[in-house]
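Visitor: Here it is, the structure, as structure tokens.
The values are calculated or read from the model by the stated rules, or taken from the named source; none is laboratory data. Please read these numbers as outputs of a predicted model, since none were measured by experiment. A quick note on method: Cβ atoms are made from the backbone with ideal geometry, for glycine too, and the neighbour counts reach across all protein chains shown. Side chains are part of the model used for accessible areas, which takes the heavy atoms of the whole protein and leaves out ligands, DNA and RNA. Shrake-Rupley method; radii C 1.70, N 1.55, O 1.52, S 1.80 Å.
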Amino acid sequence: MQKVKLPVKVDPVRSALKLLDYVGIVEKSQMPRLEASTAGLRSDVDVSLHFGKDVQKLTVMKGTAHAEVDLVCQRCGETFQHLCEAEFIYTPLFERTNEEELPEAYEPIELDENGEIDLHQILEDELILSLPQVAMHPMDACPRGNMEMTWGDIEPADERPNPFAVLEELKRK
């Protein structure tokens with residue numbers, strides 16, 4: 001099956017009424033912020049989206065996104081490959097929607113003046129959020145992973161007697 005380019009803007013309400021599914025790619029050139037947040041993008045972003053209505057009749061966009069990126073290991077300074085994966089569920093906000101009533105798993109999203117959402121921006125945001133806070137090789141793959149680093153010894157805590165031990169003895173009597 002050939003992967004197609006996803007549209008930039010999508011009307012989630014109309015897509016949900018038609019129960020549309022999108023499986024495609026977003027070219028890496030369309031992800032400048034993700035590119036700047038990493039040491040480089042290795043592949044286009046693979047995306048799978050499903051639009052529909054849930055039990056509460058809310059419009060829902062569920063999806064996953066995957067991209068191969070290069071990250072710089074904070075332990076050794078070398079570049080390594082990382083599979084960046086994001087899973088998300090969005091529901092559009094309308095004037096009559098109360099955010100507190102939405103299920104906790106749903107992320108609210110605002111529609112633009114045409115009733116559409118910017119799909120590329122949402123996907124880029126989700127992938128940036130799924131990047132590790134501290135990028136490091138797995139311990140066994142890192143050249144410096146087997147080097148034990150210490151910055152001094154921690155002295156043992158004082159073993160002073162508990163001042164309330166006498167009260168504990170009285171309690172037992």
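Visitor: Using DSSP, restrict attention to beta bridges with both residues in the chain and report what percent are antiparallel, rounded to the nearest 5. Don't skip to the answer; put the middle values down first.
Guide: Working: 30 of 36 bridges.
Antiparallel bridges make up about 85 percent of those DSSP assigns within the chain.
Visitor: Where the accessible area of the chain is counted over protein heavy atoms with a 1.4 Å probe, how much of it, in %, is carbon and sulfur? Spell out each step's value before the answer.
Guide: Working: 6060 of 12290 Å².
Of the solvent-accessible surface of the chain, carbon and sulfur hold 49 percent.
Visitor: Next up: Return one quarter of the surface area of the convex hull spanned by the alpha-carbon atoms of the stretch 90-154, equal to its mean projected area, in nm².
Guide: On the way: hull surface 36.3 nm².
That works out to 9.1 nm².
Visitor: List the GluC sites (Glu not before Pro) within the stretch 46-137 that DSSP assigns to loop and that have no more than 10 neighbouring Cβ atoms inside 10 Å.
Guide: Values: sites: 68, 78, 85, 87, 95, 99, 100, 101, 104, 110, 113, 116, 124, 126; in loops: 78, 95, 104, 113, 116.
Loop-located and lightly packed - 95, 104, 113.
Visitor: With the dipole of the stretch 1-153 worked out from charges on the C-beta (+1 for Lys and Arg, -1 for Asp and Glu) around the Cα centre, which of 117, 49, 89 lies farthest toward the positive end?
Guide: 49
Visitor: Provide the convex hull volume over Cα atoms per residue for the stretch 1-82, in Å³.
Guide: Numbers: hull volume 10.2 nm³, N = 82.
Spread over its residues, the Cα hull of the stretch 1-82 gives 124 Å³ apiece.
Visitor: To the nearest 500 deg cm²/dmol, what mean residue ellipticity at 222 nm is calculated for the chain from DSSP H runs of n ≥ 4 alone, each contributing -39,500 (n - 2.57), summed and divided by the residues? Please report the intermediate quantities before stating the final value.
Guide: Values: 4 runs with 31 residues, N = 173.
Estimated from H runs of four or more residues: -4500 deg cm²/dmol.
Visitor: Highest GNM mean-square fluctuation, the chain, Cα pairs closer than 10 Å: which of 140, 54, 44?
Guide: 140
Visitor: Under unit Cβ charges (Lys, Arg +1; Asp, Glu -1), what dipole magnitude, rounded to 20 debye, does the chain have relative to its Cα centre?
Guide: Details: 18 positive and 34 negative charges, 89 e Å.
That gives a dipole near 420 debye.
Visitor: Using 1/(1 + (r/R0)^6) with R0 = 41 angstrom and r between the beta carbons of residue 75 and residue 46, what's the FRET efficiency to the nearest 0.05?
Guide: Details: r = 29 Å, r/R0 = 0.70.
FRET efficiency, residue 75 to residue 46: 0.90.
Visitor: How large is the direction-averaged shadow of the alpha-carbon convex hull of the chain, in nm²?
Guide: On the way: hull surface 80.2 nm².
Mean shadow area of the hull around the Cα atoms is 20.0 nm².
Visitor: Still on this structure, I have one more. Just to confirm the number: angle between the C-alpha axis of helix 119-129 and the first principal axis of the chain, 0 to 90 degrees, nearest 10?
Guide: The angle comes out at about 10 degrees.
Visitor: Extension gain residue 151-residue 173, at 0.36 nm per residue separation less the Cα-Cα distance, in nm?
Guide: On the way: separation 22, 0.36 × 22 = 7.92 nm, distance 4.84 nm.
Once the chain is fully extended between residue 151 and residue 173, it gains 3.1 nm.
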